[in-house]
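Heads up: the structure comes next, in structure tokens.
The values are calculated or read from the model by the stated rules, or taken from the named source; none is laboratory data. From a predicted model like this one, the values you see are computed outputs, not experimental measurements. Heads up, the Cβs are rebuilt from the backbone with ideal geometry, glycines too, and the neighbour counts pull from every protein chain shown.
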Amino acid sequence: MCPRPATSPREMSIMAETTPGGPPDPEKRGCFTVALGVVLVLAGIPMLVCPGPGMATIAAGIGMIGVGLGLKRRGDG
């Protein structure tokens, strides 16, 4: 029989504290997000001339880079 998944915030925090390695650091997560964004932008460039969603891929990559760098909208103060 499988154990039931943790549902309460307290159980989730206990799992995060006892999990090897703990929760990921925000800096590592941001670095990964920026790297993924760069890969998407680089993959989207050849898609501009080849069949494929080049503009959408480049836009998604730029968005990922913005999220990874912590950029906010103008009205988010």
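Would the range 3-18 turn up any residue that is at pLDDT below 90, on the phi < 0 side of the Ramachandran plot, in a loop (DSSP other than H, G, I, E, B) and surrounded by 12 or more Cβ atoms within 10 Å (Cβ to Cβ)?
yes
Here's a check for you: in the range 29-77, which residue that is assigned to a loop (DSSP other than H, G, I, E, B) and within 17 Å of the chain's Cα centre (by Cα) is modelled with the highest pLDDT?
70
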